[in-house]
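Enquirer: One structure, pasted below without further comment.
The values are calculated or read from the model by the stated rules, or taken from the named source; none is laboratory data. None of the values given here were measured: they were computed from a predicted structure. Neighbour counts run over all protein chains shown; Cβ positions are idealised from the backbone, glycine included.
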Amino acid sequence: MDSCPNCASVHFVERRVHRNGSLTVALGHFLLAPSILAVVLASMGVISRPSRTTDASRQAAIELEAVGVPAPVADHVASHEPLSDSELGALSEEQQQSVLRAQIRVANGNARASMSRFASGRTLFLLASLSAAGGVLGWLLVRKTRVAQCVNCGSSTAPELGAAH
């Protein structure tokens, strides 16, 4: 029967303690939590099919032409450029509403196209890979180990000593 190297006691309690210091464990949690979320989101992007995007600029120009908006104003809207107050003031109420709807549609179409390019490219796979690597590193920093702790003095030793009593 093995005894404690400090106080010669033979009473041990098995405990699970972190392998590293508290700062390293905090860094591990900092790496682990966002990595899990990023892997989940990236895998959803890899699995899901990208949505079909329409050319919002062309569709907005057609809609504005149908309402009678002048061509220079329609070109500003289609190229996602801001309009001056004088250009908007020269339009009727219906034309102004159409211009505002077209501006929103063009901005939304540009955002969807950007997300589609991101999801269909290799960037998403790179994000998933880096997140998985960060998650593994974080898990290694957060892991715990079993130790045998002396009941009398509190010193920790290898778990084999505690198993021998």
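Enquirer: Being at pLDDT 80 or above, under 30 Å from G138 (Cα atoms) and under 31 Å from the mean Cα position of the chain (by Cα) is true for just one of I36, I47, I104. Which residue is that? I'd like the intermediate steps shown before the answer.
Expert: Working: I47 fails: at pLDDT 80 or above; I104 fails: under 30 Å from G138 (Cα atoms).
Exactly one of I36, I47, I104 is at pLDDT 80 or above, under 30 Å from G138 (Cα atoms) and under 31 Å from the mean Cα position of the chain (by Cα), namely I36.
Enquirer: Right, something else. Determine, yes or no, whether V69 is modelled with pLDDT of 80 or more, under 30 Å from I36 (Cβ atoms), β-branched (V, I, T) and in contact with a Leu (Cβ under 9 Å, 6 or more places away or on another chain).
Expert: Values: modelled with pLDDT of 80 or more: yes; under 30 Å from I36 (Cβ atoms): no; β-branched (V, I, T): yes; in contact with a Leu (Cβ under 9 Å, 6 or more places away or on another chain): yes.
Judged against the criteria, V69 is not a match.
Enquirer: State which residue is nearest to Q59 (Cα to Cα) when the search covers only region 72-94 and only residues that are assigned to a helix (DSSP H, G or I) and of a type in the set (D, E, K, R).
Expert: D75
Enquirer: Tell me whether region 53-62 contains one or more residues that are at pLDDT 80 or above, part of a helix (DSSP H, G or I) and among the hydroxyl-bearing types (S, T, Y).
Expert: no
Enquirer: Applying the selection to region 121-165, what residues are closer than 17 Å to N20 by Cα, exposed (fewer than 13 other Cβ atoms within 10 Å of the Cβ) and modelled with pLDDT under 85?
Expert: A158
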